[in-house]
1. Under the condition of being part of a loop (DSSP other than H, G, I, E, B) and within 16 Å of the ligand (Cβ to nearest atom), which residue from the range 195-217 is surrounded by the fewest Cβ atoms within 10 Å (Cβ to Cβ)?
2. Using the structure shown, decide if residue 111 is within 12 Å of the ligand (Cβ to nearest atom), touching a residue at least 24 places away in the same chain (Cβ under 8 Å), buried (at least 18 other Cβ atoms within 10 Å of the Cβ) and assigned to a loop (DSSP other than H, G, I, E, B).
3. Here are some conditions: (1) part of a helix (DSSP H, G or I); (2) closer than 22 Å to residue 250 by Cα; (3) out of contact with any strand residue (DSSP E or B) (no Cβ under 7 Å at 6 or more places or on another chain); (4) more than 12 Å from the ligand (Cβ to nearest atom). Residue 65 meets all but one. Which one does it not meet?
4. Could you list all residues from the range 36-55 that are in contact (Cβ under 8 Å) with a residue 24 or more places away in the chain, over 12 Å from residue 376 (Cα atoms) and more than 16 Å from the ligand (Cβ to nearest atom)?
5. Do the conditions hold for residue 192, that is, is it at pLDDT 95 or above, away from the ligand (no atom under 13 Å from the Cβ), closer than 24 Å to residue 250 by Cβ and within 24 Å of the chain's Cα centre (by Cα)?
6. Report, by residue number, each residue of the range 233-276 that is farther than 19 Å from residue 188 by Cβ, within 14 Å of the ligand (Cβ to nearest atom) and in a loop (DSSP other than H, G, I, E, B).
7. Could you tell me whether the range 6-22 includes any residue that is within 16 Å of the ligand (Cβ to nearest atom), surrounded by fewer than 22 Cβ atoms within 10 Å (Cβ to Cβ), part of a helix (DSSP H, G or I) and in contact (Cβ under 8 Å) with a residue 12 or more places away in the chain?
8. Given the options 106, 185, name the one that is under 21 Å from residue 253 (Cα atoms) and crowded, with 20+ Cβ neighbours inside 10 Å.
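The values are calculated or read from the model by the stated rules, or taken from the named source; none is laboratory data. The structure displayed is predicted, hence computed values, not measured ones. Note: ideal-geometry Cβ built from the backbone for every residue, glycine included; neighbour counts use all protein chains shown.
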Ligand SMILES: *Cc1c(COP(=O)(O)O)cnc(C)c1O
């Protein structure tokens with residue numbers, strides 16, 4: 001537990017915007033973290049998929065400290081070597097031709113929305129600014145990304161919403177065909193819905209959206225903020241679905257926990273943002289880029305993604321074995337090291353019981369227990385987590 005004086009000071013001085021877990025993490029190594037009371041936990045949250053290389057990664061810590069000793073920040077008034085190198089690796093390993101760096105997921109999506117609008121504006125199609133997104137999606141908390149987010153619980157109270165956003169059910173091609181029009185600038189979606197409960201796209205959904213966008217001449221934006229950077233066993237989730245977007249956003253795992261976001265696009269689209277049209281003070285600064293470059297080099301190193309894929313398969317298999325024995329598990333879903341169990345009752349209590357038993361895991365979308373371990377998790381740690389979940393479920397299901 002966190003000392004009472006910390007909790008009361010937090011309540012006194014910090015905005016009350018988070019429902020916080022009553023522990024304070026003070027250090028970590030690999031997939032394990034330790035709290036201020038000295039208790040160890042297996043970390044299957046990994047800073048919400050941000051700590052891709054786990055905690056205390058020697059190479060990442062060295063890259064950050066070496067960079068901090070030279071320059072932390074210079075602004076984008078100057079060329080930044082590590083930013084250039086990271087952009088090059090992202091381009092060489094994706095559909096994209098160009099990268100714009102920013103500081104968070106919401107900011108990356110905000111940039112994607114601006115980019116889609118500007119692209120059509122430059123072509124004289126000034127009325128073409130509608131963006132179609134999915135119900136149950138999550139795209140961030142800024143005003144534009146809130147309007148894009150297809151969950152009213154996040155939007156309520158912040159009216160008026162930014163105009164131009166339409167929502168259709170995730171996976172419903174017919175609904176999409178009904179709302180797409182000559183005013184559609186882009187379709188924006190997560191290849192796998194994360195916050196919305198780790199929901200997979202049905203059948204050929206992503207490929208059909210690609211064809212629809214091609215038919216209507218609109219852009220396809222993939223929000224890979226959670227699914228990207230190796231999380232699903234491929235560098236980007238779209239690679240599983242035999243299609244490519246025109247624009248993609250990244251954040252979360254891109255710099256191993258150092259705040260960073262990125263907006264990627266094909267040249268024809270990226271060129272719509274010329275000097276003066278979009279900018280950020282911190283985006284891609286030397287510190288964040290040094291971290292991002294180290295993470296990227298590690299993820300594309302030989303055997304890394306194959307390992308994530310096989311660890312993901314192991315986690316999946318183990319969770320399915322549990323589902324066969326525990327009635328309370330309705331379904332196992334996910335891809336790679338982004339897995340979840342959907343429960344027949346609200347899962348917040350289960351997440352708390354897991355914490356008591358020494359595992360950190362996140363409950364999202366009411367009933368969904370989401371597993372997002374660092375990409376460097378070991379098979380032994382996966383087995384250990386599943387073993388603990390097995391015994392916690394046995395008592396929790398009776399409760
Ligand atoms: C987390 C997340 C965001 C928002 O990222 P922030 O860095 O919190 O702004 C947007 N889209 C998806 C899919 C996410 O998982």
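1. Keep residues of the range 195-217 that are part of a loop (DSSP other than H, G, I, E, B), which gives 195-198, 200-204, 217.
Right, trim to within 16 Å of the ligand (Cβ to nearest atom) and you get 195-198, 200-201.
On the way: 195: 21, 196: 20, 197: 17, 198: 27, 200: 15, 201: 21.
Residue satisfying both the conditions and the ranking: 200.
2. no
3. (2)
4. Within the range 36-55, 36, 37, 39, 40, 41, 42 qualify.
5. Working: at pLDDT 95 or above: yes; away from the ligand (no atom under 13 Å from the Cβ): no; closer than 24 Å to residue 250 by Cβ: yes; within 24 Å of the chain's Cα centre (by Cα): yes.
So residue 192 does not fit the description; no.
6. Scanning the range 233-276 gives 257, 259, 260.
7. No, the range 6-22 contains no residue that is within 16 Å of the ligand (Cβ to nearest atom), surrounded by fewer than 22 Cβ atoms within 10 Å (Cβ to Cβ), part of a helix (DSSP H, G or I) and in contact (Cβ under 8 Å) with a residue 12 or more places away in the chain.
8. Values: 185 fails: under 21 Å from residue 253 (Cα atoms).
The match here is 106.
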